[in-house]
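Where a number appears in this text, it was derived from the coordinates with a stated rule and is not lab data. Bear in mind that the values here come from a model prediction, so they are computed numbers and not experimental data.
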Amino acid sequence: MVVRCLPRLPQNLGIAVPARGHDRGGMFNRILAIAVVLVGLAALLPTTASAGNARCDVGEFCLYYWFDLTQGIYNFSGNDPNLNNDRFEGAHTGYKVGNFTLSVWNRGRPVAKRDVLVYANPGYKGGPRCIVQGAIGNLSSDYWNAIESYKWVTRAECNRNIRMRLTQ
Ligand SMILES: [Ca+2]
Ligand SMILES: [Ca+2]
């Protein structure tokens, strides 16, 4: 589960409430102003909608507690600089994701940044390995329970790093 703090909504949106109802043109402009403010606020909300359904959907990178994509799952479409503040979904929900992963699935879309670099430490540091788009399976043994952060990268960036050898 990815827990993020939502931006706090301001108490006062700075929009004056009309004192009289007969000011139709002014009312329309105020409604328009409110709509503009609401659209702006929506843009500030973090895009975490794809995470949190305990399923590896298209566009997500998924990490599993056990081999063969089983037991607890972490599923998210964004980058994560720290997997130690995330918990598995579905099973093993009490376990943090960092250093507790044995299998993975890069279900990324065919966009520019479609490959994933996984790191042995938080903050995108430590022995990166590339997991290309579509790659699925068990981690090589030197990476068992070792991933602590990951990010999406281009194929060119992926090719500058060692590829993770996955087994099925
Ligand atoms: Ca999902
Ligand atoms: Ca995290």
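Some points to look at:
- Theoretical gain in end-to-end length, N84 to T167 [0.36 nm per residue, Cα-Cα removed]: 27.4 nm
- For the range 117-168, the relative contact order works out to 49 percent when only alpha carbon pairs closer than 8 Å and six or more residues apart are counted.
- Note: relative contact order over the range 60-163, using C-alpha pairs below 8 Å and six or more positions apart, is 30 percent.
- Translational D in µm²/s for the range 60-163 (Stokes-Einstein at 10 °C, 1.306 mPa s, Kirkwood Rh from C-alpha pairs): 121
- Additional length obtainable on full extension of the chain from K113 to T70, 0.36 nm per residue less Cα span: 12.9 nm
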